[in-house]
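Data first, discussion second: the structure below is written as structure tokens.
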Amino acid sequence: MEETVNSLTITNLTTITEVILLSIASFSNCRSVMFTVFLMMFLLTVLGNSLIISAIRMSVQLHTPMYLFLSNLAFLDICYTSITIPNILSAILNNRNTISFTGCFVQLGLFTVCASTECILLAVMAYDRYVAICHPLRYRAIVNRTVCLYLAFFAWLSGSLNSAFNTTAASDLYFCGPNAIESMWCETQPIIHLACSNTYIIDVLNSIGGTVFGVGCLIFILTSYVFILVAIFRIPSKTSRQKTFSTCTSHMTIVALYFGALSFMYVLPHKTSSQKIDSIISMMYAIFTPMLNPIIYSLRNQQIIGAMKNILLLFHKKGFD
């Protein structure tokens, strides 16, 4: 009888209907400026990544495994930004720094899909570079179109499954207040801190996910680059070494930005960082990295630049027709 009463008491305590996003509330004194900044970041991200996807689709010379994975990454970056920034813009515009509890969990689930999938995609891209540089004669046989499609599908499936497990476990928790998080959107760590019930299961799932998708993928990427660097140093010509290494610099830059931010957010002890710092770091991999990716990949890639110029010229000609 006592257990029944306790159970009913706990259930009745789950009264949260919305989540307060404190980081958005801090924009109250400069709403116009912040709305403009986030709108520009959103437009730049969508436009830049859409150009990358269009350039790859319309240029036959870019129909290779490396660019297939890059187009997946560009699409993922559009999804990343579309999950977070529109809600921020709406909140600033309406001067309302809350999100419904259901909407919060939808955002959490979609955000986790993107974060997990990007880890796998970056690892897959490292594998592609490893085969291309260390086994160039067998590259087309090892990384053929079918293998590429399977690897891309595996990345999205893995991210979706990880999100499903974590979001389901988080939704089974009891939330009785407080209902405020120091963030601009809903993600797992801040939401768990609001739970009134035991978080052991979700903590274990987060640890497994962090180990597999974070640490595991990073180790795989670093190991791939050890072999890549060894192969590059064996190339006799300095010019050939530089040219080969340049095909990896964009990917290495994105890996450093993305996993660097993830390490601060999920790997380092939480006692050493505040929720405000976590909020800033999450902006690094959820907003700034997706916005910078098109610039990083096109900066030293003449094929991408050439394809983008052709697309812009095509639109320009159509505008005059």
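All of the numbers you see were taken from the coordinates with simple rules; none came from a lab. A quick note: this is a predicted structure, and the numbers were derived from the prediction, not measured. Positions of Cβ are generated from backbone atoms using ideal geometry, with glycine treated the same way; all protein chains shown enter the neighbour counts.
State which helices in the chain qualify, where a helix is a whole DSSP H run, it must extend 20 Å or more along its own axis by its Cα atoms, and its mean Kyte-Doolittle hydropathy must be at least 1.0.
The answer, listed by residue number, is 31-58, 65-93, 101-134, 217-233.
Find me the longest stretch of the chain that has none of the exposed trypsin sites (Lys or Arg not before Pro), where exposed means in a DSSP loop (not H, G, I, E or B) with at most 16 other Cβ atoms within 10 Å.
Looking at the chain, 97-233 is the longest stretch - no exposed trypsin sites (Lys or Arg not before Pro) with at most 16 other Cβ atoms within 10 Å.
What number, in percent, do you get for the relative contact order of the chain if the mean sequence gap of Cα pairs under 8 Å and at least 6 apart is divided by its residue count?
After rounding, I find 27 percent.
Would you work out the relative contact order for region 78-207, in percent, from Cα pairs under 8 angstrom that are 6 or more residues apart? Walk me through the numbers before you get to the answer.
Values: 104 pairs, mean separation 39.8, N = 130.
Rounded, it is 31 percent for region 78-207.
Counting other beta carbons within 10 Å of each Cβ, put Asp172, Asp128 in order, fewest first. All intermediate terms of the calculation are to be shown ahead of the outcome.
Numbers: Asp172 11, Asp128 24.
Starting with the residue having the fewest Cβ neighbours, the order is Asp172, Asp128.
Given H placed on each backbone N at 1.01 Å, which residues far from Ala180 in sequence or on other chains put an amide H within less than 5 Å of it?
Ile20
Hey, what do the phi angles of region 181-188 turn into as Karplus ³J(HN,Hα) couplings, whole Hz, using 6.51/-1.76/1.60 and θ = phi - 60°, x for Gly and Pro?
Listing the rounded values in order: 10, 7, 7, 9, 7, 8, 9, 4 Hz.
Would you mind pulling out the separation of the Cα centroids of region 128-193 and region 61-94, in Å?
After rounding, the separation between the Cα centres reads 14 Å.
Please report, in whole Å³, the volume per residue of the convex hull around the C-alpha atoms of the chain.
On the way: hull volume 53.1 nm³, N = 321.
Normalising the Cα hull of the chain by residue number yields 165 Å³.
Under the rule of at least 5 residues apart or a separate chain, name every residue whose amide H is placed under 5 Å from the amide H of Tyr174.
Sorted by chain and number, the residues that satisfy this are Cys196, Ser197.
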